[in-house]
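First up is the structure itself, then whatever we jot down about it.
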Amino acid sequence: MNLFVANWKMHMTRAEARAFAVELSRIVPPGGGGREIVIAPPFTALDALGDAEGRWRIGAQNVAADAKGAFTGEVCAKMLAELGCRYVIVGHSERRRLFNEGGATLVRKLERCREENLIPIYCVGETESERDDGVGNQILTDQAATLAGDPPDAPLVVAYEPVWAIGTGRAASPGDAAAARTLLAKLLSARRDLRILYGGSVTAGNCREMLEAAGMDGFLVGGASLDPKGFAAIAGFGNM
Ligand code: 13P
């Protein structure tokens with residue numbers, strides 16, 4: 001089933017999140033209408049967003065690398081599971097770049113997710129200079145290698161998010177996305193339950209082509225996910 005994930009980043013108060021949920025529930029039918037929709041708000045809005053009629057699930061944008069303990073400001077996997085989270089975004093480029101999260105930390109975060117049956121949405125993607133230097137595929141290969149110890153039977157979502165496409169209005173071409181998808185599918189061919197998403201300047205205008213031409217299983221959406229109508233349109237509801 002195609003998967004559409006809203007990554008709100010550091011946007012939306014609880015009141016704004018509730019208003020979003022009311023709007024979205026007018027568009028998306030109970031049960032989700034044959035797609036899987038996930039909203040990943042800031043931690044503070046997670047419990048304001050549950051939908052009793054199964055239109056969407058909630059996910060977290062981050063998780064602590066430790067299971068519990070003296071880690072001021074961190075939120076652990078068990079706490080997220082208790083709130084009803086199903087997914088956790090791991091390895092987003094903003095966390096890799098701005099918070100210095102590398103492979104060793106991400107391996108631990110993946111392990112914490114699995115301990116609580118949370119499904120990681122593991123992000124990979126090259127920077128613009130890496131792409132220009134022709135090492136994009138190597139970067140994806142290295143980042144995918146972080147998943148080597150993750151159990152191959154467990155469901156996994158991988159999001160290809162080229163860093164140069166995030167928040168820039170310059171989405172990857174369907175051809176480039178398809179090439180990344182093919183590489184990732186090959187690298188992760190041992191996985192029994194894998195979905196590959198695209199993320200980076202996804203809009204209601206460019207998303208169909210990406211699903212059809214690039215064969216993506218859905219999207220990880222930043223800016224355009226802050227508007228319920230726009231996000232619903234990306235998930236295939238309402239006017240495109
Ligand atoms: P934008 O959709 O705003 O480019 O962000 C993409 C992203 O980082 C989703 O995780």
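The values are calculated or read from the model by the stated rules, or taken from the named source; none is laboratory data. No experiment lies behind these values; they were computed from the predicted model shown. With ideal geometry, Cβ positions are generated from the backbone for all residues, glycine too; neighbour counts draw on all protein chains shown. In case anyone asks, the SASA skips ligands and DNA or RNA and just uses the protein heavy atoms, side chains included. Shrake-Rupley method; radii C 1.70, N 1.55, O 1.52, S 1.80 Å.
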Percent of all Cα-Cα pairs per 10 Å bin for the chain, counting from 0 up to the last occupied bin, reads 8, 34, 38, 18, 2
Loop-resident trypsin sites (Lys or Arg not before Pro) in segment 148-240 with no more than 15 other Cβ atoms inside 10 Å, DSSP not H/G/I/E/B, are 170, 192
Relative contact order in percent for segment 90-196 (Cα pairs under 8 Å, 6+ apart) equals 29 percent
For residue 41, the net charge from surrounding residues (Cβ-Cβ under 13 Å; K, R +1; D, E -1) works out to +1
Expected max-MSF residue from 105, 44, 141 in the GNM of the chain (alpha carbon, under 10 Å) is 44
For residue 4, the accessible surface traced by a 1.4 Å probe with all protein chains present amounts, in square angstrom to the nearest 10, to 0 Å²
Taking the alpha-carbon centre of each part, the distance from segment 40-69 to segment 180-212 in Å is 23 Å
Magnitude of the Cβ-charge dipole (Lys and Arg +1, Asp and Glu -1) of segment 149-240 about the Cα centre, nearest 20 debye, reported as 80 debye
Taking Lys and Arg as +1 and Asp and Glu as -1, residues besides residue 148 with C-beta under 15 Å from its C-beta add up to +1
Expressed as a whole-number percentage, the relative contact order of the chain with C-alpha contacts under 8 angstrom and at least six residues apart is 20 percent
Diffing segment 31-41: the Karplus 3J(HN,Hα) column from phi (6.51, -1.76, 1.60, θ = phi - 60°), in whole Hz with x for Gly and Pro, holds x, x, x, x, 10, 9, 10, 10, 10, 10, x
Cross-link reach from residue 9 to lysines, straight Cα distance under 26 Å and at least 8 residues apart if same chain, gives 68, 78, 109, 229
